[in-house]
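Peer 1: Here it is: the structure, laid out below.
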Amino acid sequence: MPQVEQLLEKYPNDLKVVFKNFPIRTHKFAIQAALAALAAGRQNKFWEFHDELFKNYNLLNDEKVQEITTQLGLDQKKFEEDKKSPVEAARIRQDYEEGLQLGVRGTPTIFINGRKVKNRSMQGMEAMINQELEAAKAKK
């Protein structure tokens, strides 16, 4: 999301992005895409893979995933092995369950210090960040 990248540039010492998987059930390829992104992450290409998946969300299939792995120069054999990892499958299930408990219904969903962002404009997110920073200063 471009806004998140802009916010990370503006608040480099105050923001940290934590990604959680939430493969929506209505997307036929969502779980496979999540497994593929985590497999790419084992080759230090998670974010690049993630970004390509989101750019191509409506075109996702095995061929598109193969195209992305080639484009990013991933070790294909390692990638295919890592996609089958039960550890990563469990991670996706855990993230999904946590998302349900937090009220996530779709992707992307953004939280700032545990509060769901309702106004995802730059101004709205900056206002929430500044509120959190002020509250943290007040506690010191």
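Peer 1: Can you confirm whether segment 98-108 contains a residue that is part of a helix (DSSP H, G or I) and either in contact with a Pro (Cβ under 8 Å, 6 or more places away or on another chain) or without any contact (Cβ under 8 Å) to a residue 60 or more places away in the chain (or both)?
Peer 2: To start, the set of residues in segment 98-108 that are part of a helix (DSSP H, G or I) comprises 98-101.
When the remaining residues are screened for being either in contact with a Pro (Cβ under 8 Å, 6 or more places away or on another chain) or without any contact (Cβ under 8 Å) to a residue 60 or more places away in the chain (or both), the result is 100-101.
The answer is yes; a qualifying residue exists.
Peer 1: Could you tell me whether Gln131 is free of Cβ contacts under 8 Å to residues at least 40 places away in the same chain and either surrounded by fewer than 13 Cβ atoms within 10 Å (Cβ to Cβ) or on the phi > 0 side of the Ramachandran plot (or both)? Write out each step before concluding.
Peer 2: Values: free of Cβ contacts under 8 Å to residues at least 40 places away in the same chain: yes; either surrounded by fewer than 13 Cβ atoms within 10 Å (Cβ to Cβ) or on the phi > 0 side of the Ramachandran plot (or both): no.
Against the criterion (free of Cβ contacts under 8 Å to residues at least 40 places away in the same chain and either surrounded by fewer than 13 Cβ atoms within 10 Å (Cβ to Cβ) or on the phi > 0 side of the Ramachandran plot (or both)), Gln131 does not qualify.
Peer 1: Which members of segment 19-57 meet the condition of being within 26 Å of Gln101 (Cβ to Cβ), without any contact (Cβ under 8 Å) to a residue 24 or more places away in the chain and part of a loop (DSSP other than H, G, I, E, B)?
Peer 2: Once the filter is applied, which keeps residues that are within 26 Å of Gln101 (Cβ to Cβ), without any contact (Cβ under 8 Å) to a residue 24 or more places away in the chain and part of a loop (DSSP other than H, G, I, E, B), segment 19-57 yields Arg25, Thr26, Lys28.
Peer 1: Against the definition (in contact (Cβ under 8 Å) with a residue 12 or more places away in the chain and hydroxyl-bearing (Ser, Thr, Tyr)), how does Thr70 come out, yes or no?
Peer 2: On the way: in contact (Cβ under 8 Å) with a residue 12 or more places away in the chain: no; hydroxyl-bearing (Ser, Thr, Tyr): yes.
When the stated conditions are applied, Thr70 does not pass them.
Peer 1: Which ones in segment 73-97 are without any contact (Cβ under 8 Å) to a residue 12 or more places away in the chain and under 19 Å from the mean Cα position of the chain (by Cα)?
Peer 2: Within segment 73-97, Val87, Ala90, Arg93, Gln94, Glu97 qualify.
Since every read-out is calculated from the coordinates, none of them should be taken as a lab result. A quick note: this is a predicted structure, and the numbers were derived from the prediction, not measured. A quick note on method: Cβ atoms are made from the backbone with ideal geometry, for glycine too, and the neighbour counts reach across all protein chains shown.
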